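A.B. asks: Here it is, the structure in full.
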Amino acid sequence: EDQVTQSPEALRLQEGESSSLNCSYTVSGLRGLFWYRQDPGKGPEFLFTLYSAGEEKEKERLKATLTKKESFLHITAPKPEDSATYLCAVQARGGSTLGRLYFGRGTQLTVWP
Amino acid sequence: DARVTQTPRDKVTEMGQEVTMRCQPILGHNTVFWYRQTMMQGLELLAYFRNRAPLDDSGMPKDRFSAEMPDATLATLKIQPSEPRDSAVYFCASGSESNNYGYTFGSGTRLTVV
């Protein structure tokens, strides 16, 4: 069964304190791994898609990396506006599961001044 | 920016009543998802459509839930009869192969069944 596990469940950082969020996955053939950001009362907002081990993507203070078993979302010198829940999702190759996303439970990040 | 539009934003209803949630996907997107989000379960897939055809609705309680796409600009999720355990935020998302399925989510419908 395809599974996505995110850790930690919650993370509190002081502004400027860099850290990483983890997403480990089990999927029968990975088509893509997705990172989303979700603010309270809103829908998830797409950040990145990674397709193969070794791939990296960056956006402002965020950098996502991918291995064969996990992905990391590195946050460099975070600011309070980076506070949100970060969701990881995987998409499997082929068959009837093509297109659907399996989501993890998310990491709730709080950055305090 | 193109967006996925969901209505209503909030819905409070009594147990046993019918609830209909609507979604307008982004023009040109051929894949539409319905997800439900709760604190206990996180994001759960209920159903999804490609080119208006249902591909998978295995996550949906068939006896009370139904999902349809009457046309390319409208997706609906109906619950009849509603129960308190259906209380959750329901999200619609759309995407297409041209954007590598980087799905865009709507703002959700917060459903409370009392």
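The values are calculated or read from the model by the stated rules, or taken from the named source; none is laboratory data. The model shown is predicted, which means the values in this text are computed figures rather than measured ones. Here Cβ is always computed from backbone atoms with ideal geometry, including for glycine, and neighbour counts include all displayed protein chains. Side chains are part of the model used for accessible areas, which takes the heavy atoms of the whole protein and leaves out ligands, DNA and RNA. Shrake-Rupley method; radii C 1.70, N 1.55, O 1.52, S 1.80 Å.
A.B. asks: Over chain B, what is the relative contact order in whole percent, taking alpha-carbon pairs under 8 Å and six or more residues apart?
C.D. replies: Details: 285 pairs, mean separation 41.9, N = 114.
Answer for chain B is 37 percent.
A.B. asks: May I ask you to give the percent of accessible area on the protein assembly as shown that is carbon plus sulfur, with a probe radius of 1.4 Å?
C.D. replies: Values: 5320 of 11240 Å².
In the protein assembly as shown, the share of accessible area belonging to carbon and sulfur is 47 percent.
A.B. asks: State, as an integer percentage, the relative contact order of chain A based on alpha-carbon contacts under 8 Å between residues 6 or more apart. Each step should come with its number before you reach the end.
C.D. replies: Values: 289 pairs, mean separation 41.0, N = 113.
Across chain A, relative contact order equals 36 percent.
A.B. asks: Loop-only check: which trypsin sites (Lys or Arg not before Pro) in region B:1-97 are DSSP coil with at most 11 other Cβ within 10 angstrom?
C.D. replies: Values: sites: B:3, B:9, B:11, B:22, B:36, B:50, B:52, B:62, B:64, B:78, B:85; in loops: B:3, B:9, B:52, B:62, B:64.
Those that pass, being in a loop and sparsely packed, are B:9, B:62.
A.B. asks: Compute the accessible area per residue over chain B, keeping the other protein chains in place, probe 1.4 Å, unit Å².
C.D. replies: Values: 5690 Å² over 114 residues.
Accessible area per residue, chain B: 50 Å².
A.B. asks: For chain A, what does the equivalent ellipsoid look like in terms of its semi-axes, each the square root of 5 times an eigenvalue of the Cα gyration tensor, given largest first in whole Å?
C.D. replies: Numbers: eigenvalues 123, 39, 26 Å².
Listed largest to smallest, the semi-axes of chain A are 25, 14, 11 Å.
A.B. asks: Give the interface area between chains A and B as buried accessible surface, both sides summed, probe 1.4 Å, in Å² to the nearest 100. List each step's numbers first, then the result.
C.D. replies: Details: alone 6380 and 6480 Å², together 11240 Å².
So the buried area, both faces added, is about 1600 Å².
A.B. asks: State which stretch of chain A is the longest one without any exposed GluC sites (Glu not before Pro), exposure meaning a DSSP loop state and at most 16 other Cβ atoms within 10 Å. Each step should come with its number before you reach the end.
C.D. replies: On the way: sites that count: A:1, A:9, A:15, A:17, A:55, A:60.
Between the exposed loop sites, the longest stretch runs A:61-113.
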